[in-house]
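See below for the structure under consideration.
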Amino acid sequence: MHTPPLANFIGGRFVPAKSGQTLEVFEPATGKAVTTAPDSDAGDVHEAVQAAEEAFPAWSAMAAVERSKRLVNLADLIEANLDRLSRMESMDTGKPVALARSVDIPRSAANFRFFATAALHTSSECHDFDGGGVPGGLRALNYTLRRPRGVAGLISPWNLPLYLLTWKIAPALATGNTCVAKPSEVTPMTAHALCELAVEAGISSGVLNVVHGRGVDAGGSLVKHARVPTISFTGSTAVGQWIAREAGGMFKRVSLELGGKNPFIVFEDAPMEGPESAVALAVRAAFTNQGQICLCGSRVLVHKSLHDRFVAGLVEGARAQIAGDPADERTRQGAVVSAQHLEKVRGMVEAARELGGRVHCGGKSPAPGGLPERCRGGWFYEPTVVTGLPQDCRVVQEEIFGPVVTVQAFESEEEAVRLANGTKYGLASVVVTRDVSRAHRVAGALNAGVVWVNCWMVRDLRTPFGGMGASGVGREGGVEALRFFTEGRNVCVRL
Ligand code: NAD
């Protein structure tokens with residue numbers, strides 16, 4: 001299948017890059033190019049910023065309830081196009097269509113619905129000051145105004161393309177900002193479709209602009225643009241570090257959601273049988289979306305007494321994740337996103353072998369004969385379980401972002417926490433135990449922005465979401481996002 005060329009969306013019009021340059025867009029399941037996207041540069045970004053600036057006065061002055069109606073319309077339209085968008089997302093990323101249909105696209109609609117209505121139900125603060133305890137204190141009334149900040153630059157990765165892009169667009173627009181969004185050049189399709197739906201939803205021209213292109217050119221120009229005071233970025237730690245330096249020097253407000261190497265801790269009392277077992281949960285946490293979710297539990301830490309039994313279960317679960325055509329409704333394991341990424345995953349498993357690790361299953365691409373004919377040139381990798389690696393080696397320390405999980409044993413709660421906290425990252429973690437006191441104790445001791453107890457990927461959009469250390473700066477979700485995209489101004493009135 002070949003789809004029409006994608007375009008930038010600037011000031012309400014679909015336009016090519018000014019240079020006329022394009023990038024090929026590939027279907028990971030086949031390894032073949034299916035369309036092109038604009039290869040935009042600073043000039044395209046500048047035009048989009050201008051369009052967003054022009055749209056800002058009217059959009060920010062619009063009654064919040066009117067903005068909300070349009071964003072709810074967009075949520076409805078995403079839901080109405082669930083099937084089309086799911087197929088598109090699956091084709092673009094290699095993820096099973098069933099996953100796109102049950103997670104990516106419904107969540108994209110939920111993002112708009114959530115922030116469109118949240119913005120109507122948040123109150124600003126008021127502090128009635130009685131003058132006491134402060135030298136020269138007078139009676140005064142303080143209230144805090146929250147105003148949109150202008151043009152927001154929103155940059156997102158390829159693993160959950162529409163889900164993560166809308167997670168930024170929705171709060172930015174709901175609070176009255178306009179935006180220039182830069183989706184991943186690897187997976188640009190659903191961003192294009194979103195712009196078509198935005199027109200239908202009544203989102204005024206220039207409010208949502210999308211510029212496609214490579215990170216260094218399109219993304220870098222957006223980060224460096226002098227009239228974009230807000231940057232919200234989700235992606236790799238290395239790029240986040242560069243953005244922190246550039247944007248920090250320009251006094252921009254920056255949110256960075258970066259990589260992770262998330263521990264999945266299994267205590268000796270963890271349930272070991274049935275669909276709710278720790279093993280079943282670990283299989284899901286390790287291999288969903290081919291392990292390409294920043295929240296995946298890629299480092300299993302298991303109590304010594306369960307180690308061998310747990311590894312056997314994990315291997316059995318991994319082997320059951322048979323790779324297939326992502327477009328097939330029955331497929332649960334699709335392709336990884338690109339040839340380059342497949343090489344990275346392969347390299348890390350090779351490194352694991354060289355470091356003396358034992359590869360229990362996977363460790364290779366499936367034999368072409370095991371895949372449907374259409375997918376024989378695709379970028380597939382078998383779910384892989386590795387044991388026997390030391391804590392300080394790079395396979396345990398660095399993010400792989402593929403269907404590869406390492407398993408380490410621990411003897412005590414202290415050791416589990418020390419191993420869990422022993423990387424530069426701090427995004428998410430999972431604790432599996434029936435002991436309530438231990439669950440709370442360990443949750444409090446883990447250096448992670450998100451701790452799940454006896455579950456994984458349960459997302460309440462009101463909760464703060466983000467990482468510590470090399471996993472990022474700032475929090476998204478709920479009031480955190482509404483505050484991020486607004487400027488607080490305190491007004492103090494002498495009484
Ligand atoms: P990436 O950093 O390579 O790219 C992310 C986005 O940034 C893309 O749109 C890319 O074009 C753009 N970009 C690249 N270089 C840029 C630059 N110099 N200036 C501005 N923009 C630039 O990441 P990726 O490979 O697309 O995504 C995978 C990474 O994202 C993983 O590390 C994963 O953990 C992380 N991630 C984090 C979260 C989270 O919420 N913490 C969620 C999903 C993915």
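Only a single criterion out of (1) among the charged types (D, E, K, R); (2) within 16 Å of the ligand (Cβ to nearest atom); (3) under 20 Å from the mean Cα position of the chain (by Cα) is not satisfied by Arg462, namely (2). Considering every residue within the stretch 151-167, establish whether at least one is in a strand (DSSP E or B) and open to solvent by 10 Å² or more (accessible area, probe 1.4 Å). Within the stretch 151-167, one or more residues are in a strand (DSSP E or B) and open to solvent by 10 Å² or more (accessible area, probe 1.4 Å).
For the stretch 460-470, enumerate the residues that are surrounded by fewer than 18 Cβ atoms within 10 Å (Cβ to Cβ), in a loop (DSSP other than H, G, I, E, B) and touching a residue at least 12 places away in the same chain (Cβ under 8 Å). Across the stretch 460-470, the qualifying residues are Arg462, Thr463, Pro464. Helices (runs of 4 or more DSSP H) fully within the stretch 33-100 that include at least 3 residues being closer than 20 Å to Ala191 by Cβ and touching a strand residue (DSSP E or B) at 6+ places or on another chain (Cβ under 7 Å): 42-61.
So which residues in the stretch 13-35 are charged (D, E, K, R) and open to solvent by less than 60 Å² (accessible area, probe 1.4 Å), if there are any at all? If the condition is that a residue be charged (D, E, K, R) and open to solvent by less than 60 Å² (accessible area, probe 1.4 Å), then Glu27 is the only one that fits. Kindly indicate whether Lys304 is in contact with a Pro (Cβ under 7 Å, 6 or more places away or on another chain) and not hydroxyl-bearing (Ser, Thr, Tyr). No. The number of residues in the stretch 437-459 being among the β-branched types (Val, Ile, Thr) and open to solvent by 60 Å² or more (accessible area, probe 1.4 Å) comes to 1. Restricting attention to the stretch 221-243 and to residues that are in contact (Cβ under 8 Å) with a residue 24 or more places away in the chain and of a type in the set (Gly, Ala, Ser), the residue that is most open to solvent (accessible area, probe 1.4 Å) turns out to be Ala226. Within the stretch 201-218, residues that are closer than 16 Å to Leu74 by Cβ and open to solvent by less than 50 Å² (accessible area, probe 1.4 Å) have Cβ atoms under 9 Å from residues that are of a type in the set (Lys, Arg) and within 11 Å of the ligand (Cβ to nearest atom) in these pairs: Val210/Lys182, counting only partners at least 6 apart in sequence or on another chain. With respect to the conditions (1) more than 9 Å from the ligand (Cβ to nearest atom); (2) aliphatic (A, V, I, L, M); (3) buried (at least 24 other Cβ atoms within 10 Å of the Cβ), Ala280 lacks only one, and its number is (3).
Listed by first and then second residue, the pairs linking a residue in the stretch 292-315 that is free of Cβ contacts under 8 Å to residues at least 24 places away in the same chain to a residue that is in a helix (DSSP H, G or I) and among the polar types (S, T, N, Q), with Cβ atoms under 9 Å apart and 6 or more places separating them unless they lie on different chains, form an empty list.
Per the listing Ala191, Ala174, Ala181, Ala170, the residue uniquely away from the ligand (no atom under 16 Å from the Cβ) and small (Gly, Ala, Ser) is Ala174.
Looking only at the stretch 246-268, filter to residues that are in a loop (DSSP other than H, G, I, E, B) and over 17 Å from Ser471 (Cβ atoms); which one of those is least open to solvent (accessible area, probe 1.4 Å)? Step by step, filter the stretch 246-268, then rank; the result is Phe267. Taking the residues in the stretch 212-245 that are in a loop (DSSP other than H, G, I, E, B), more than 9 Å from the ligand (Cβ to nearest atom) and of a type outside the set (A, V, I, L, M) as candidates, determine which candidate is farthest from Gly176 (Cα to Cα). Here the answer is His212.
If Val473 satisfies every condition in (1) open to solvent by 70 Å² or more (accessible area, probe 1.4 Å); (2) more than 11 Å from the ligand (Cβ to nearest atom) but one, which is the exception? Of everything listed in (1) open to solvent by 70 Å² or more (accessible area, probe 1.4 Å); (2) more than 11 Å from the ligand (Cβ to nearest atom), Val473 misses just condition (2). Here Ala481 clears all of (1) aliphatic (A, V, I, L, M); (2) open to solvent by less than 60 Å² (accessible area, probe 1.4 Å); (3) farther than 30 Å from Cys126 by Cβ except the condition numbered (3).
With respect to Leu197, determine if the residue is within 9 Å of the ligand (Cβ to nearest atom) and out of contact with any Cys (no Cβ under 6 Å at 6 or more places or on another chain). Against the criterion (within 9 Å of the ligand (Cβ to nearest atom) and out of contact with any Cys (no Cβ under 6 Å at 6 or more places or on another chain)), Leu197 does not qualify.
When each of Ala323, Ala312, Ala339 is tested for being at negative phi, in contact with a strand residue (DSSP E or B) (Cβ under 9 Å, 6 or more places away or on another chain) and surrounded by 21 or more Cβ atoms within 10 Å (Cβ to Cβ), the lone residue that passes is Ala323. Taken as a whole, the structure leaves Gly370 outside the set of residues that are under 24 Å from the mean Cα position of the chain (by Cα) and surrounded by fewer than 23 Cβ atoms within 10 Å (Cβ to Cβ). Of all residues in the stretch 380-400, those being in a loop (DSSP other than H, G, I, E, B) and open to solvent by less than 40 Å² (accessible area, probe 1.4 Å) number 7.
The values are calculated or read from the model by the stated rules, or taken from the named source; none is laboratory data. Fair warning: this is a prediction, and the values are worked out from it, not measured in the lab. Every residue, glycine as well, gets a Cβ built from its backbone with ideal geometry; the counts of neighbours run over all protein chains shown. SASA here: full protein model, heavy atoms, side chains in, ligands and nucleic acids out. Shrake-Rupley method; radii C 1.70, N 1.55, O 1.52, S 1.80 Å.
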